[in-house]
Amino acid sequence: MAEDRPRERADAARNRRAILDATRALLAEYGGEAITMDRVAAAAGVGKGTIFHRFGSRAGLLHELVAEPALALMNAVRDGPPPLGPGAEPGDRLLAYFGAMTELVVDNLELMVAYRSESPHPRSEEFHAFWAAHITALLAEARPDVDAEVVGALLLAPLGGEPAARMVRAGEADRLRAGVLALVEAVLRRP
């Protein structure tokens, strides 16, 4: 399906990429506090007005960065190969999803922390609703004896919380990965 938006000019595409790359670099080196429009503009080699024109605000810029890996994961869940994509058992898909979501959080931790400090972007709910529906559907199929909506929300919540951020910052990403998968496996086992 073709998009109805006009084709992006080459210089606009270069500026967009430079801004996103500069923001990622600042996040990686200095954390979310470093993300000011002045610093991003200087690092990207563009005017501050270019950033505001393109993204509207700091929240819009951060949303654009969050959207890239989130959309990639959504596409993999919808159309990718199993076990993340369709065609695998619901429990296997749930484990694959939580493995991939944990990786997304680990790889983008400072971005996620900065993003959560902003007012919600208008499209934020789109991602949250997709994850909730996906987890709920798989959990309802794998464990019809539990309240899949509540249990699914509880499974996802720790990835957005302070313990996950603290573990990643302390170099304990492997422990976080193992802990998340152990939690999901425990829920998938019937008592």
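Of the two radii for segment 1-101, the radius of gyration is 1.10 times the Kirkwood radius, both from the alpha carbons; that is the Rg over Rh value. For the chain, a simple Cβ point-charge model (Lys and Arg +1, Asp and Glu -1, everything else neutral) yields a dipole of about 480 debye relative to the Cα centre. Across q = 0.21, 0.22, 0.29 Å⁻¹, segment 8-56 modelled as identical point scatterers on its alpha-carbon atoms has Debye log10 I(q)/I(0) values of -0.64, -0.69, -1.09, in the order of the q list.
Potential lengthening of the chain between Glu172 and Glu33 amounts to 47.8 nm, from the contour at 0.36 nm per residue minus the alpha-carbon distance.
Between Leu183, Gly161, Ala142, the Cα set farthest toward the positive side of the dipole of segment 57-188 (charges on each charged residue's Cβ, about the Cα centre) is that of Gly161. Between segment 162-191 and segment 21-60, the C-alpha centres lie 31 angstrom from each other.
For the peptides 116-122, 136-142, the ranking by mean Cβ contacts within 10 Å, running from highest to lowest, is 136-142, 116-122. I need the Debye-formula profile for the chain: one equal scatterer per C-alpha, no solvent, reported as log10 I(q)/I(0) at q = 0.15, 0.16 1/Å, two decimals. For the chain, the Cα-only Debye profile gives -0.96, -1.05. Decide, for segment 105-191, between rounded, prolate and oblate: order the square roots of the alpha carbon gyration tensor eigenvalues as a ≥ b ≥ c, take rounded if a/c falls under 1.5, and otherwise choose prolate if a/b is larger than b/c, else oblate. Taking the square roots of the gyration eigenvalues as a ≥ b ≥ c, segment 105-191 is oblate.
Taking the Cα atoms only, what angle lies between the long axis of helix 173-188 and the longest principal axis of the chain, rounded to 10 degrees? Result, in degrees: 40.
Throughout, read-outs are computed from the coordinates displayed, never taken from laboratory work. Note that the structure is a prediction, hence the values are computed from the model and not measured. Reconstructed Cβ throughout: ideal geometry from the backbone, glycine too, with neighbour counts over all protein chains shown.
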